[in-house]
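The values are calculated or read from the model by the stated rules, or taken from the named source; none is laboratory data. These figures come from a predicted structure and were not determined experimentally. Here the Cβ positions follow ideal geometry from the backbone for every residue, glycine too, while neighbour counts run over all protein chains shown. Calculation scope for accessible area: heavy atoms of the full protein, side chains included, ligands and nucleic acids excluded. Shrake-Rupley method; radii C 1.70, N 1.55, O 1.52, S 1.80 Å.
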Amino acid sequence: MSHISANEISLLLASRGNSLSPETDPKPHRLWDLDTRAALVILWGLLVYPLLDPDLKKNKQLGWIEINQLTYLFKEYLGDAKEFKDVLYLFKHYDYIRFRADGKIIAGTGLLSAIDAAKMYKLFRTSVLSRKLIQKQNIP
């Protein structure tokens, strides 16, 4: 995959609906800044794509990520620890992600419905970068 901008990544989000309020919008991500929307797409790639990919699906430990792994992957992308936490809780609030009791993060229903899976699957399936991200996820 060539370099892809945050804007190009965020275009992969489904954007149906026309509400101007995040509280009433079925897809509140439409109103978020570019970096936050791009992070949502990347999370889809880490949490949902491995469950759809026949080669990666064999690894039963995929479909979740630990907070420390996510922090490592996003440390320079989403700002300092407070900003990073704020984004995570925004995602949690709208059920894009869920925190399990064991400290793992899994996809919420919002994440499953926000992403155009047909476009994303094709993009991730042909991407060496996505496989490297998923492999990195398994490194403590």
### Message
Looking only at segment 60-76, how many residues end up being open to solvent by 60 Å² or more (accessible area, probe 1.4 Å) and either modelled with pLDDT under 75 or under 12 Å from the mean Cα position of the chain (by Cα) (or both)?
### Response
4
## Note on the structure
In segment 31-44, anything surrounded by fewer than 21 Cβ atoms within 10 Å (Cβ to Cβ) and in a helix (DSSP H, G or I) is listed as 31, 34, 35, 36, 42
#### Entry: Close pairs (7 angstrom Cβ cut-off, 6 or more residues apart or separate chains): closer than 11 Å to residue 43 by Cβ and part of a helix (DSSP H, G or I) in segment 106-124, open to solvent by less than 50 Å² (accessible area, probe 1.4 Å) and small (Gly, Ala, Ser) anywhere
114/14
### Scope segment 85-105; condition surrounded by 17 or more Cβ atoms within 10 Å (Cβ to Cβ) and assigned to a helix (DSSP H, G or I); matching residues
87, 88, 90, 91
### Task
Could you please find all residues in segment 45-59 being farther than 15 Å from residue 119 by Cβ and open to solvent by 10 Å² or more (accessible area, probe 1.4 Å)?
51, 54, 55, 56, 57, 58, 59
